[in-house]
Structure formats: structure tokens, C-alpha cells
Amino acid sequence: MDERTERETAMQAEVVGGQTQHGQAQAQRPEPMPQEAITHPAKLLRIASMVRELLDETRQASLDEPGRIRLRQIYERSVGELEDVLSPDLKEELASLAPPMQGVPSESEIRVAQAQLVGWLEGLFHGIQAALFAQQAAARAQFEELRRRGLPSAQAQQPEPTKPGQYL
């Protein structure tokens, strides 16, 4: 156990019924913020690819009323599917950026909504990449720290050859 863990364990052992040994109430620590999380990354990638493709298609074609209604339905279903794979804080962020469309949307409303959703998804992907890069950098730094401290080498673990003593 490292020193920090030992101190934390000792502090937890001192607390009895919310009181320390000195009789003072222990200050409440704020609970950690919920982590942004994605439960099904493959599903997220499939939906993002589909939304991007729909955006490209709607730029190239003019849409009649039934086509706009169908795109609104696909958009709303996509947002609903995305909510299924996101943590609560990301769901809230998505809901604020992608409100449901009302009635028959115009072509420009559909394009703006899809572009906004694609932009948010790309930002989410960049955030994931940044988090992975930070984790990799932290692991590399930890490895370098271990290397700097010096791990026992294979030579140090081999027993020294015994020299014959006078009793042999």
C-alpha cells in the first residue's frame, strides 16, 4: 500500500458515525461529478455515419413534403437512439442542442438540425480522442516514472555464485 492509501485508510478508520475521534463532525466532501460515458460506441458510430450521410443527401436534393416528414422522423429517432447510449449529462446536452421538430419542417430546418447534430457528434468524437490521448500520456508518464526509479534488473535477481568454504 502506498503512503496516500494508508493515510486515507487511517482517516476512514478514525471516523465513527460521522464524527472524528476529536468529536468534530467531518466536513462533507462533494460527490464527484458524473463521468461522461458512452455505453455502446459502435451504435454511436453507426448513427453518426447515418446522420452525416443524410445531411449530405439533403444538400444535394430538393425535398417534397413527405420527404421532409420522413427526414424529421429519422432525425427524431436518431436522437432517441443516441440518448440510449449516452450518460445522463450527455443526454441533457444533446436534448438542449437537438430539440424535437414540430410539424412539417422546411428543407433549411432539416439541414440546420442535421448539421447541428453532426457537429455535436464530431465534437463528442474529438472529446473521446482527447480523453484517450490524455490517458495514453498519463500511462506513458507513469511508465517513465517507474523506469526512472529503476526496476530491479534480471542480473540483480540471480544469486551470486557460492564460493567454497573451508567445510566443503
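The values are calculated or read from the model by the stated rules, or taken from the named source; none is laboratory data. In this text the structure is predicted, and so the values were computed from the model without any measurement. Cβ sites come from the backbone with ideal geometry, for glycine too, and all protein chains shown count toward neighbours.
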note = The residue from Thr58, Thr20 that alone is surrounded by 12 or more Cβ atoms within 10 Å (Cβ to Cβ), at pLDDT below 50 and not aliphatic (A, V, I, L, M) is Thr20
inquiry  = I'd like to verify a number: residues in segment 102-128 that are in contact with a helix residue (DSSP H, G or I) (Cβ under 6 Å, 6 or more places away or on another chain) and farther than 19 Å from Glu53 by Cβ, how many?
reply    = 1
remark   = Gln155 passes all but one of the listed conditions (1) surrounded by fewer than 10 Cβ atoms within 10 Å (Cβ to Cβ); (2) modelled with pLDDT of 60 or more; the exception is number (2)
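Looking at Ser108, Ser78, which one is in a helix (DSSP H, G or I), out of contact with any Gly (no Cβ under 9 Å at 6 or more places or on another chain), among the hydroxyl-bearing types (Ser, Thr, Tyr) and surrounded by 15 or more Cβ atoms within 10 Å (Cβ to Cβ)?
Ser78
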